[in-house]
Amino acid sequence: MTIADTSEFAQFLRELDEPALSALLTARPDLMNPPPPDFDALAARAASRNSLDLATLQLDYVTLVLLSVLHTTDDEPRQQLTRILQAEPDAATLRSAYTTLQRLALAWSKGDTLFVAGRLENEFLQPLAARRPSLPPRLPALPITVIDAAALDHAGAGSAAELIRLAEQLLTACAQQPVQQLRAGGVSARELSRIAKSASIDAEIAAVLLELCYAAGLLGIDAAGEVESWLPTAVFDHWRTDSPGQRWTTLARAWLSMRRQPSFVERSDERARRIAPLSAELTRAEAPWLREQLLACFADLPTVAVTTPAAVLELLTWRAPVRIAAAELAPDGLQTPIVQAVLIEAATLGILGMNSRTPNHYGLTSFGRALLSGEDSADVLSKLLPEPVDHVLVQADLTVIAPGPLTNELAHDIALLATMESAGAATVYRVTADSLRRALDSGWSRDDLHRFFATHSATGTPQALSYLIDDAARRHGGLRIGGASAYLHSADESLIAALLADPRCAQLRLRRLAPAVLIAHIAAATLVSTLRSAGYAAAEEDASGALVLSAPTRRRAIGALPIEQKRPAPPCTSEQLQRDAQEAITRVHSGEERRRILQRVSRIGNTDRDSSGAIDTDLGAGSEATLGLIYACIADKQRLWVRFIDAQGALQCRLVRPLAVGAGYLRAEDERNETSHTLALHRIASASVAE
């Protein structure tokens, strides 16, 4: 085997036809950024270590072993390949591996000589052999277990419905009390624990949901306050009115394309620092590829089949050993089951389902398959979810049972009027005096409350609930507070007297201005909060005497600022890669033409130079050598010594940088004195490239 030098490699590239060259550039797009000026530059770039490392990411196990053998032995590669693989590869496998190496310009043959490009300095086979020592010499087949597809779909649909509920719950909690961002970026462990507890969600799931909502555009940074905080965006208001299937599709598509790995939350980076949710340290360029390839393995299975994560990992490792070896390394350098973590995330979203009869076996749900194929996954999922109900069951103990998923409007109203006690197929809420006061503060009246329960309760309105509504409405606003700093008045003078005598209110230092009017030297909001905690039904009023309604304000982030300083560019489409490849090929061929012109100029110059070193062309307007030299210097931005006849007939010599040629004139600039020159081509006597 021969390691090709740059000239040999460049000659191989020159001999490729345009379809083969286009296929090479499309398969290795790093070779086009920036477009190479000629084949020599393309060969040097393709043989560089970084480019070779990127190319090896595309190799399967057998092709990778073959490439390593070609780089490390001069003997017959088949024997060495058989020793490493512990089995003799078949002819079709070897032929496919050689074709891949030649397509990627990693190895090629010329006559009886086999060439390899560059020198592979990374020892990728050693860690691979240590991690997966028993990979088969052929593409492994996934072992499958046949199950009931309907059971798999129902399990996945339940996960999808739970995901939607938890995401809305978390975003609502963020709207009520925004999540503060650390100065270094991300969310502290304390803030994560607080928001998880407020939303009644496990902290680990809350971290994943924060990342997911950010990727879907539902969560963004509000930089208006003194401290930057995370708030729902205006997109959230539209999202929560969509159907459950549409809401799930938004989240699932965001997960598929997000360049972040939520599984790394709360781990340590290479400096032993905590990785916080919504921080830049969670960015992983390989994450979308890993999700795509992992789910593609399940997409190849029959619709009634499931398989194990270990089998999927073996298949992925065989297909892309270098990429999987890199993806399985956590930030702290320890080997972690990242593939298993991605599987768990996919199961949490419902893309994958797990049947109770087959533990640790996963399969692709029907709506997950529709999502991957670009079909209407929202419609497929909607058929699996129960229809939203527009009624609840109100019990005598003031509990409210939702017999299924509620309609969007009803769910919003119930969340305001009652407090959720348990979630599930039948969510249980409880109506309390505080929850009714929350509704009254939001502008609901006594009649509105009675009308709501009479309309939406399938069991009618229990007497206890009617009494509670009447009592809460009667007491609400019995005390009205405004700013004096604050004042307090009531139509009930006995209530005022009781308030002044109450030792719990002594700290307020209330002062009576009239039989039914008191003032305090604290803020009105503080006065309302203190009196309510003492058991008084206080309400705030404005300057006109009207009650101040405290409906939850919809604070929203103005713009979702990126976590990274610059979002990664979206991956190029195949059409874009084809266009870029054609542009690069055009530029390479143009560079080759310039190189040939310079070679001709060099040959002419070596045979016909005057004592000054300039090409003595006895120029006319059609001097091929001088014109070729000028064009080449314009393309390469090189400086040029030009001898020309000026208007007085004297011979002049100037060092200029040529800019353009047109209409029989050369436009150039003298960088030494920053002046521009326009020279008639027929007056130029000779030219030479400045050293």
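Every read-out reported here was derived from the displayed coordinates using simple, explicitly stated rules and does not represent laboratory data. Just so it is clear, the model here is predicted, and its values are computed rather than measured. Heads up, the Cβs are rebuilt from the backbone with ideal geometry, glycines too, and the neighbour counts pull from every protein chain shown.
Here the spin labels are modelled as points 7 Å beyond Cα on the Cα-Cβ line, and at D448 and V517 they lie 3.0 nm apart. Convex hull volume of the C-alpha atoms in the chain, normalised per residue: 261 Å³. Backbone N atoms of segment 473-516 closer than 11 Å to the 7 Å Cα→Cβ label point of A534 belong to residues 496-511. Summarising the amide proton neighbourhood of L659: residues at separation of 5 or more, or on other chains, whose placed amide H is nearer than 5 Å comprise R667, A668, E669. Note: relative contact order over segment 2-131, using C-alpha pairs below 8 Å and six or more positions apart, is 34 percent. The P(r) of segment 395-468 has a tail past 15 Å containing 51 percent of all C-alpha pairs.
For segment 169-184, the residues whose backbone nitrogen is under 11 Å from a point 7 Å from the Cα of A423, taken along Cα to Cβ, are 169-173. Computed across segment 175-237, the Kirkwood radius stands at 11.9 Å (inverse of mean 1/r, all Cα pairs).
Counting only DSSP beta bridges with both residues in the chain, tell me the antiparallel percent, nearest 5.
Antiparallel bridges make up about 90 percent of those DSSP assigns within the chain.
Based on every Cα atom in segment 156-298, Rg and the maximum pairwise Cα distance Dmax equal 14.9, 48 Å. Applying 1/(1 + (r/R0)^6) with r as the Cβ-Cβ distance of A311 and E493 and R0 = 60 angstrom yields a FRET efficiency of 0.15. Of the peptides 194-205, 245-256, the ranking by mean beta-carbon count within 10 Å, highest at the top, reads 245-256, 194-205. When only the Cβ of Lys, Arg, Asp and Glu is charged (+1, +1, -1, -1), the dipole of segment 429-487 relative to its Cα centre reaches about 80 debye. Modelled spin-label separation between D471 and V389, with each label point placed 7 Å from Cα along the Cα-to-Cβ direction: 2.8 nm. A simple rule links phi to the HN-Hα coupling: the Karplus curve 6.51 cos²θ - 1.76 cosθ + 1.60 with θ = phi - 60°, which for segment 33-50 gives 10, x, x, x, x, 7, 5, 5, 5, 5, 5, 4, 5, 5, 8, 6, 5, 4 Hz, with x for Gly and Pro. Label positions at L549 and K110, each projected 7 Å from the Cα along the C-beta direction, are separated by 8.3 nm. Full extension of the segment from R579 to L54, taken as 0.36 nm per residue of separation minus the current Cα-Cα distance, would add 186.9 nm. Per-residue ellipticity at 222 nm, computed for the chain from helices alone with -39500 (n - 2.57) per DSSP H run of at least four residues, works out to -14000 deg cm²/dmol.
Compute, for the chain, the length of the dipole vector about the Cα centre, with Cβ point charges of +1 (Lys, Arg) and -1 (Asp, Glu) only. Units Debye, rounded to 20.
The calculated dipole for the chain is roughly 1140 debye.
Which residues among segment 176-205 fall inside the zone where the amide N is under 19 Å from a point 7 Å beyond the Cα of D434, along Cα→Cβ? The answer is 176-178, 194-201, whose backbone nitrogens lie closer than 19 Å to the label point.
Could you tell me the calculated FRET efficiency between Q648 and A299, based on Cβ-Cβ distance and R0 = 60 angstrom, to the nearest 0.05? It comes to 0.15.
Computed on the Cα trace of segment 478-540, the radius of gyration divided by the Kirkwood hydrodynamic radius gives Rg/Rh = 0.89. Taking the charge dipole of the chain about its Cα centre, with +1 at Lys and Arg Cβ atoms and -1 at Asp and Glu Cβ atoms, the residue from I3, G368, L640 reaching farthest to the positive side is L640. Using the Cβ-Cβ distance between Q11 and T283 with R0 set to 60 Å, the FRET efficiency from 1/(1 + (r/R0)^6) comes to roughly 0.90. The residue list S257, S268, T233 was ranked by how far each Cα lies along the charge dipole of segment 197-269 toward its positive end, using unit charges on Cβ atoms, and S257 comes out on top.
Each peptide in 573-582, 357-366 was scored by the mean count of other Cβ atoms within 10 Å over its residues; highest first, the order is 357-366, 573-582. With kT/(6 pi eta Rh) evaluated at 10 °C and eta = 1.306 mPa s, and Rh the Kirkwood radius from Cα pairs, segment 145-383 diffuses with a coefficient of 86 µm²/s according to Stokes-Einstein.
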